[in-house]
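Below is one structure, written out as structure tokens; comments come after it.
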Amino acid sequence: MPGKQPLNIVKMKKMKSEGVPISMLTAYDYPSAQLAEEAGVDMILVGDSLGNVVLGFNSTIPVTIDDMVYHTRAVARGAEDTFIVADLPFMTYHGSLDETLRNVRRLMQEGHAHAVKMEGGAEIADTVKRIVQAGVPVLGHIGLTPQSVNQIGGYRVQGKDTADAERLMNDAKALEAAGAFAVVLELVTEEATADISKALSIPTIGIGAGRYCDGQVLVYHDVLKYTSTYREKRFVKTYADVGTLIREGISQYVKEVKERSFPAEEHVFSAQGTHKPSSSLYGNEKEKVTSR
């Protein structure tokens, strides 16, 4: 949607107060960002989920700051009129403040992100505050935090009991107090989500967190089944099956190359006044191919 007015953190807070849901989708390269923007998404997240869906890792942990800068820069070129958030990957904001700010600077200056996302709650609130004070918008992320999956014991739903729901509430409030402009809630019970969304003045963005968030985010490849073998997820709705279309399209291309039906006459260039080669020129080769 070229020429649209990009969203900003002031407008997002107004959308929450007016009850207007916020749509967010991940993207990892130029064409996916273009299509997401043309479809009208409010925000694009360049997630470290690229480790799983683009780079072929089993988790987000191997993703580096160089990976994030590279992919964020591509997305920024494809979606010039959309608010772009980039993930700070594993262990890039748990060392010194100087090191953290260097990594933030790279995502903003080299990657051209408009904001950064950080996983964690009260334990990272001081770092969030310092980044916000440096002039960088921060999107928080609590609940299931993939960078900590080994510590929390796998991909488990959060906020199932009173104590855990209270922990999430405290984390969300700590991030709000630190200056985060919104908070992602991942794999959180709907009851805990509703309480947190009501308690905060900043938007909540849900992924597997039910119906009472101020917005929703999903992974590009989940929405479109853009993968070889898709694993169904309860909290995801798929809207297209491009994986099957891509596979079928490439299979047809391979078939036509093998049959020599591609390229056809309409795909070739000929010099003027020259004799066209006979269609039987490659007859022997075709026989060899089909006889194997």
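At-a-glance table
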quantity	calculated
Identity of the residue in the range 232-262, of a type in the set (Gly, Ala, Ser) and touching a Leu at 6+ places or on another chain (Cβ under 8 Å), that ends up farthest from Leu187 (Cα to Cα)	Gly243
Pairs with Cβ under 6 Å, 6+ apart, first in the range 236-256 and of a type outside the set (Val, Ile, Thr), second surrounded by 11 or more Cβ atoms within 10 Å (Cβ to Cβ)	Tyr239/Val223; Ala240/Leu224; Asp241/Lys225; Gly243/Lys225; Gly243/Tyr226; Gly243/Thr227; Glu256/Phe262
Count of the range 35-86 residues which are within 19 Å of Ile9 (Cα to Cα) and of a type in the set (A, V, I, L, M, F, W, C)	11
Any chance Gly179 is touching a helix residue (DSSP H, G or I) at 6+ places or on another chain (Cβ under 8 Å) and on the phi < 0 side of the Ramachandran plot	no
Hits in the range 126-146 - residues which are surrounded by fewer than 23 Cβ atoms within 10 Å (Cβ to Cβ) and more than 24 Å from Glu191 (Cα to Cα)	Asp126, Thr127, Lys129, Arg130, Val132, Gln133, Ala134, Gly135, Val136, Pro137
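Here's the yes/no breakdown for (1) polar (S, T, N, Q); (2) crowded, with 17+ Cβ neighbours inside 10 Å:
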| residue | (1), (2) |
| --- | --- |
| Gln151 | yes, no |
| Leu168 | no, yes |
| Ala178 | no, yes |
| Glu191 | no, no |
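Coordinate-derived values only; no laboratory data. This is a predicted model, so every value here is computed, not measured. Cβ sites come from the backbone with ideal geometry, for glycine too, and all protein chains shown count toward neighbours.
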